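Engineer: Sharing a structure below in structure tokens format, with a few things to ask.
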Amino acid sequence: MLELDKNNFEEEVLKAEGYVFVDFYGDGCVPCQALMPKVHEFADTYGDKLKFAALNTTKARRLAIGQKVLGLPVMAIYKGGEKVEELVKDDCTPEAIEEMIKKYA
């Protein structure tokens, strides 16, 4: 799982080939911490089909706002520099996340 920051986000996500899954999380976000082991599991399972990355929004607030990430957790799929699908807050269940990943894997 690739750790993103403001220095590599454009290169690793917006300019990447194929689909990129991004886990937007924050330091004090309890649901984010609870989901993290599952997301890492999905990265192990589907990592050969799409790139998995995570961005700590606490350390990259401006970048998160620029991506219209206003609440957490947010799980998003990018392709060709655009966000093609996302799950926000209560929609971020392990089941829903896996369903979204399977569409693009």
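Engineer: Go through the range 27-36 residue by residue and tally those that are part of a loop (DSSP other than H, G, I, E, B) and touching a strand residue (DSSP E or B) at 6+ places or on another chain (Cβ under 9 Å).
Structural biologist: Counting residues in the range 27-36 that are part of a loop (DSSP other than H, G, I, E, B) and touching a strand residue (DSSP E or B) at 6+ places or on another chain (Cβ under 9 Å) gives 1.
Let's see how each residue does on (1) among the hydrophobic types (A, V, I, L, M, F, W, C); (2) within 12 Å of the chain's Cα centre (by Cα):
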residue	(1), (2)
Glu11	no, no
Ala16	yes, no
Asp44	no, no
Ala60	yes, no
Ala64	yes, yes
Asp91	no, no
Lys102	no, no
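Engineer: Out of the residues in the range 37-80 that are out of contact with any Phe, Trp or Tyr (no Cβ under 9 Å at 6 or more places or on another chain) and of a type in the set (Val, Ile, Thr), which is farthest from Asp91 (Cα to Cα)?
Structural biologist: This residue is Thr45.
Listed here are the residues, each with its yes/no results for (1) touching a Cys at 6+ places or on another chain (Cβ under 7 Å); (2) closer than 21 Å to Leu14 by Cβ; (3) buried (at least 18 other Cβ atoms within 10 Å of the Cβ); (4) basic (Lys, Arg).
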{"residue": "Thr45", "(1), (2), (3), (4)": "no, no, no, no"}
{"residue": "Leu55", "(1), (2), (3), (4)": "no, yes, yes, no"}
{"residue": "Glu85", "(1), (2), (3), (4)": "no, yes, no, no"}
{"residue": "Pro94", "(1), (2), (3), (4)": "no, no, no, no"}
{"residue": "Lys103", "(1), (2), (3), (4)": "no, yes, no, yes"}
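Engineer: Tell me whether the range 57-77 contains one or more residues that are buried (at least 18 other Cβ atoms within 10 Å of the Cβ), of a type in the set (S, T, N, Q) and without any contact (Cβ under 8 Å) to a residue 40 or more places away in the chain. Walk me through it before giving the result.
Structural biologist: We begin by selecting, within the range 57-77, every residue buried (at least 18 other Cβ atoms within 10 Å of the Cβ); these are 57, 60, 63-64, 67, 69, 72-77.
Filter again for of a type in the set (S, T, N, Q), leaving 57, 67.
Adding the requirement that they be without any contact (Cβ under 8 Å) to a residue 40 or more places away in the chain leaves 57.
Yes - at least one qualifying residue is present in the range 57-77.
Engineer: Among Val39, Val69, which is aliphatic (A, V, I, L, M), modelled with pLDDT of 95 or more and not in a helix (DSSP H, G or I)?
Structural biologist: On the way: Val39 fails: not in a helix (DSSP H, G or I).
The unique qualifying residue is Val69.
Engineer: Pairs only if they're at least six apart or on different chains, beta carbon under 6 angstrom, first in the range 83-105 and at positive phi, second loosely packed, with under 14 Cβ neighbours inside 10 Å; list them, first residue then second.
Structural biologist: Short answer, once both residue conditions are applied: Lys89/Gly71.
Engineer: Considering only the range 8-19, I want to know if a residue exists there that is more than 20 Å from Ala105 (Cβ to Cβ) and assigned to a loop (DSSP other than H, G, I, E, B).
Structural biologist: yes
Engineer: If you don't mind, another one. Could you count how many residues in the range 5-31 are among the hydroxyl-bearing types (Ser, Thr, Tyr) and open to solvent by less than 20 Å² (accessible area, probe 1.4 Å)?
Structural biologist: The qualifying residues number 0.
The values are calculated or read from the model by the stated rules, or taken from the named source; none is laboratory data. Everything numeric here is computed off the predicted structure, so don't read it as measured data. Every residue, glycine as well, gets a Cβ built from its backbone with ideal geometry; the counts of neighbours run over all protein chains shown. Accessible surface is based on the protein model in full, side chains and every heavy atom, while ligands, DNA and RNA are left aside. Shrake-Rupley method; radii C 1.70, N 1.55, O 1.52, S 1.80 Å.
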